[in-house]
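For reference, the structure is listed below as structure tokens.
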Amino acid sequence: METGPLPILTAIFLNVQFFPITTAVAVSLVVILILLACSALVSGSEVAYFSLSPSEMHKIAGGATKRHFYLLKNLESPEQLLATILVANNFVNVGVVILSSFSVNEMIDFSNEKILGFIVQVIVISFIILLFGEITPKVYTTRHALKFALFVSVPMFYLTKVLKPINYLLIYSTSFLNNRIHSYNQHISVNELSQALELTSRTDLKEDQEMLKGIVEFGNKNVVEIMRSRVDVVSADIDFGFSKIMTLITETGFSRIPVYSETFDNIKGILYIKDLLPHAHKGDSFHWQSIIRPPFFVPETKKIDNLLEDFQKNKVHMAVVVDEYGGTSGIVTLEDILEEIVGEISDEFDDEEKFYTKISENKYLFDGKTLLNDFYKVTGLEDTVFDGAKGEADTLAGLILELKGEIPAKNDTISYTDYVFTIEAVDNRRIKQIKVEIIKKEV
């Protein structure tokens, strides 16, 4: 005797007991239909509101009906609107599941056929919710977004008001998690990557390692960390004669020179030597001040990656750095920025400028004006070793002043953790040379 699908299904349903529909079940079924309709409206609203085209938005702004007004009010806070849609949709779907389970249990007894009960209560009900409450309305609203958005504008407006406390909790929780994740990712992208590069100790990759490290730390540096201090800047007084300017250009060899009036805090412009060349034969009768270009000012706190974008946008190669009081701190050039990535850039016209001397394995002699950024590169130290003591200092001399608390005298010694600084030369109020000894602890 063969057993086909039909006899098997018949045998299964013979083990299922059916009950008459009671008033409670009838009410439950009606409520389920209403909730499915609500689910369809809410699901369709999500697609309708967030797929409006610019032309449709223009029509909404020009509309004068009550529905247009409420639609615009709903779009004023997209986060609140989305939270309302998600909360309402979940509440409605949960209600459909609970009432469906109640109705099925009241009408059918699946105690003898638990697998069939699972199929009906989970799979079939889920299919109905997805088909009528999610897929069908979303397919429809993709073609009639504006029409559907206007249709549900009034109920969505008042539903947002009702669910506002729950929405606030949902939005706050999401924002809190996003901030935590963002800060964690930022920490990994910079600090962890720098540490990973430090582990790359192969000598044949040394140059690549330094360049990659420069790229990683590029966006974290301020202009004040790489600028040339005002005391080291070659500049010209606007009252200089033509012959004096030509002598200055010949002696220094710079292609751009800042021009000031009375004091270096009053920068009037930048003299480009290439602008002066066509007039070199005119002598003292030429008014060279007429060809200086406007200065480009930047604050000390500006990030160098942003400054690089400004240089590209404004087509300039030099900026005047000013402090919080408007005084001139120094200058920074495009070359200074690029050197932070590729290292020192020299050409055939540059004189070898040695700002340090290596005395022994752990002893160095530095110029006081050496930038801390360059000091770290030469000694191989982490750029955070003096964070607790350097204050606002950007040079090695500035660090000594922060550690000492006063202007030191020649041969003064200052100790800080594993570092000993000895003042080798001073000139009036400036620290000219500093001997640095790094004490290696015995392992």
### GluC sites (Glu not before Pro) restricted to segment 217-291 and DSSP loop, no more than 12 other C-beta within 10 Å
GLU262
### Message
Need one number: nm distance between label points at ILE407 and ASN306, each 7 Å from Cα along Cα→Cβ, rounded to one decimal.
### Response
3.5 nm
### Query
Does anything in segment 287-301 have its amide N under 17 Å from the 7 Å Cα→Cβ label point of GLU392, and if so which residues?
298-301
## Note on the structure
Mean Cβ-within-10 Å packing, highest first, puts peptides 292-298, 330-336, 393-399, 111-117 in the order 393-399, 330-336, 292-298, 111-117
### Query
In whole Å, how far is the Cα centre of segment 274-336 from that of segment 353-405?
28 Å
### Query
For segment 10-110, what class follows from the C-alpha gyration tensor (a ≥ b ≥ c being the square roots of its eigenvalues): rounded when a/c is under 1.5, otherwise prolate if a/b is larger than b/c, else oblate?
prolate
### HN-Hα J in Hz across segment 298-306 - Karplus 6.51, -1.76, 1.60, θ = phi - 60°, x for Gly and Pro
9, x, 4, 8, 5, 6, 6, 5, 5
## Note on the structure
THR301 neighbourhood, Cβ < 10 Å, K/R = +1, D/E = -1, net charge -1
### Relative contact order (%) - criterion: Cα under 8 Å, at least six apart; region: segment 248-350
20 percent
### Query
Using θ = phi - 60° and the Karplus curve 6.51 cos²θ - 1.76 cosθ + 1.60, what whole-Hz ³J(HN,Hα) does each residue of segment 109-118 get, with Gly and Pro shown as x?
9, 9, 5, 8, 9, 5, 5, 5, x, 5
#### Entry: Order by protection proxy (mean Cβ within 10 Å, highest first), peptides 91-103, 131-143
91-103, 131-143
### Message
Which of rounded, prolate or oblate describes segment 112-163 when judged by the alpha-carbon gyration tensor and an a/c cut-off of 1.5?
### Response
oblate
#### Entry: Global form of segment 261-380, assessed from the alpha-carbon gyration tensor, a/c cut-off 1.5
prolate
### Query
Considering amide H positions built from the backbone, and no H for Pro or chain starts, which residues 5 or more places from TYR416, or on another chain, come under 5 Å of its amide H?
PHE421
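Bear in mind these aren't lab numbers, they're just calculated from the coordinates by the rules spelled out. From a predicted model like this one, the values you see are computed outputs, not experimental measurements. FYI the Cβ positions are ideal-geometry reconstructions off the backbone, even for glycines, and counts take in every protein chain you see.
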